[in-house]
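Laboratory data are not the source of any read-out in this text; all were calculated from the coordinates shown. Everything quoted here is computed from the prediction, not taken from an experiment. Because the Cβ atoms are built from the backbone with ideal geometry, glycine has one as well, and the counts that use them run over all protein chains shown.
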Amino acid sequence: MSANKSNKAQIVSQLSDHLFWDINKEKLDIVKSKKTIIQRVLEYGLIKDWKLLQQIYSLQEIEAVATKIRDLDPKTASFISLICNTPVEKFTCYTSKQSMPQHWNF
């Protein structure tokens, strides 16, 4: 599903408000803020947010960004690994553990 940039920006405005509680989501740029948008939807989004994310970015784009996120939580990495049929070992968060782990590890 290919949408132009203004349509994609409208889709971003439909994402759940709790994902961007600290950012004005109306000002997010779908190119410059790609990592932020993808990471927050993957980690904290609802199923409707996941469906909207797939309208903004291709599965290959989502996978490419997700594999480079160092602090992606293990459950999220496993989810996107399964969806994209990519070994979890290819995710940076899997191969390089943080020296200061998160305080709350759910």
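Here are a few things to note about the model shown:
- Fully extending the segment from Ala64 to Tyr44 would add 5.3 nm, taking 0.36 nm per residue of separation and subtracting the current Cα-Cα distance.
- With K and R counted +1 and D and E -1, the other residues having a Cβ less than 11 Å from that of Val31 yield a net charge of +3.
- As a proxy for reagent exposure, ranking Arg70, Arg40 by other Cβ atoms within 10 Å from fewest up yields Arg70, Arg40.
- Using C-alpha pairs under 8 Å with a sequence gap of at least 6, the mean separation divided by the residue count of the range 5-94 gives a relative contact order of 26 percent.
- Net charge, Trp21 excluded, C-beta distance under 15 Å - Lys, Arg +1, Asp, Glu -1: -2
- Rough spin-label spacing in nm, given labels placed 7 Å along Cα→Cβ, for Ser16 and Lys35: 2.4 nm
- Partners for Lys68 among lysines (Cα-Cα distance below 22 Å; same-chain residues under 8 apart left out): Lys32, Lys34, Lys35, Lys51, Lys90, Lys97
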